[in-house]
1. Can you send over the carbon and sulfur percentage of the accessible area for segment 131-203, probe radius 1.4 Å, protein chains only?
2. Is segment 31-168 rounded, prolate or oblate when judged by the Cα gyration tensor, a ≥ b ≥ c being the square roots of its eigenvalues, rounded requiring a/c under 1.5 and prolate requiring a/b larger than b/c?
3. As a quick test, which of the pairs Lys153/Lys306; Lys5/Lys266; Lys35/Lys266; Lys37/Lys266; Lys155/Lys221; Lys9/Lys37 have an alpha carbon distance above 26 angstrom in this structure?
4. List the residues whose amide H sits under 5 Å from the amide H of Ile269, counting only those 5 or more places along or on another chain, with H placed 1.01 Å from N in the peptide plane.
5. Scanning the chain for GluC sites (Glu not before Pro) in DSSP loops with at most 11 other Cβ atoms within 10 Å, what's the longest stretch left with none?
6. For segment 44-128, calculate the relative contact order in percent as a whole number, restricting contacts to Cα pairs under 8 Å that are 6 or more residues apart.
7. Taking a spot 7 Å from the Cα of Glu119 along the direction of its beta carbon, which residues of segment 14-36 have an amide N less than 19 Å from it?
8. Per residue, how much accessible surface does the chain expose to a 1.4 Å probe? Answer in Å², no decimals.
Amino acid sequence: MDQIKDALKGRDLLSLHDFTPGEIEYILDYAAELKQKQKEKVNHHLLKGKTLAMIFQKSSTRTRVSFEVGMFQLGGHALYLNAGDLQLGRGESIADTGRVLSRYVDGIMIRTYAQSDVEELAEHASVPVINGLTDLLHPCQILADLLTIREHKGKLAGLKLAYLGDGNNVCHSLLFGCAKTGMNISIAAPEGYLPDEQIVSAARADAVETKSEIIITTDPKEAVCGADVVVTDVWASMGQESEQQARAKIFAPYQVNAPITAGAAKDFIFLHCLPAHRGEEVTGEIIDGPHSVVFDEAENRLHAQKAVMALLMAD
């Protein structure tokens with residue numbers, strides 16, 4: 001275990017694909033440990049005196065609050081930087097931004113549009129870089145999801161997760177998260193909105209080791225059949241608001257509702273990264289019902305990210 005802990009020091013979190021199953025399990029174990037310490041009010045100032053720069057080119061509720069509170073609970077300080085605060089908006093390169101910030105801070109979290117921007121930042125920064133979200137991937141969210149599933153189901157390997165909706169960043173990171181932990185995953189999305197083929201291919205390669213089964217379909221009933229976990233996300237992500245009406249018609253058959261979830265396991269749990277649009281991708285009956293664990297999931301963003309920061313940014 002000390003070997004894994006040492007291997008995580010100084011690393012970037014750009015994609016869950018970059019981590020071994022053992023490393024992801026260690027992060028989840030550490031998150032559970034830190035969550036318990038916080039609950040028991042046990043001091044865990046693992047990052048005392050350290051600073052995290054948080055770059056936001058996309059607005060957020062959960063990402064900003066969970067990272068900022070997490071750094072405070074770890075004894076460090078988080079510095080909020082929106083696009084207008086940085087010279088990025090006036091043409092300074094991502095590479096130079098990474099080099100400069102590395103002289104001031106101990107870690108950088110970035111929430112932005114292009115995955116290539118996060119990768120370029122990590123290439124030129126000399127401190128750990130954490131992907132807080134891109135249009136392609138959302139690894140921190142999926143670590144929180146995995147922690148939540150494990151809390152409610154007692155395990156991950158062998159469970160079936162069904163995802164209905166857009167083959168987006170959440171979907172992509174779920175593919176990696178399930179493949180790395182031995183969960184079976186079924187994705188149901190309309191033609192033209194299926195997950196990226198390169199991501200699916202990489203996830204299938206990951207799944208060989210854990211024997212995770214990956215199914216991509218356009219049939220929501222097929223995907224949900226026997227599922228232990230049902231997940232969805234908004235139909236139009238940030239920056240796609242102009243497509244809202246068109247997408248509402250296309251995705252209507254993929255709404256998570258009582259008839260669809262009737263095919264899931266009787267004790268299925270429902271996840272959504274939030275914010276949710278009740279009456280669109282999910283009905284109020286489901287998200288506010290007994291199967292929903294979305295607020296446990298939201299809380300676990302804090303604990304999962306604290307584990308990531310503590311492990312990557314530790315001395």
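1. 46 percent
2. Numbers: a/c = 2.35, a/b = 1.30, b/c = 1.81.
Judged from the Cα gyration tensor, segment 31-168 comes out oblate (a/c at least 1.5, b/c at or above a/b).
3. In this structure, Lys5/Lys266; Lys35/Lys266; Lys37/Lys266 lie more than 26 Å apart at Cα.
4. Those lying under 5 Å, H to H, from Ile269 are Val229, Val230.
5. The segment 41-190 is the longest one with no such site.
6. Dividing the mean separation by the residue count of segment 44-128 yields 37 percent.
7. 14-20, by backbone N distance to the label point.
8. Numbers: 13310 Å² over 315 residues.
Per-residue accessible area for the chain comes out at 42 Å².
The values are calculated or read from the model by the stated rules, or taken from the named source; none is laboratory data. This structure is a prediction, so every number in the text was calculated from the model and none was measured. With ideal geometry, Cβ positions are generated from the backbone for all residues, glycine too; neighbour counts draw on all protein chains shown. In case anyone asks, the SASA skips ligands and DNA or RNA and just uses the protein heavy atoms, side chains included. Shrake-Rupley method; radii C 1.70, N 1.55, O 1.52, S 1.80 Å.
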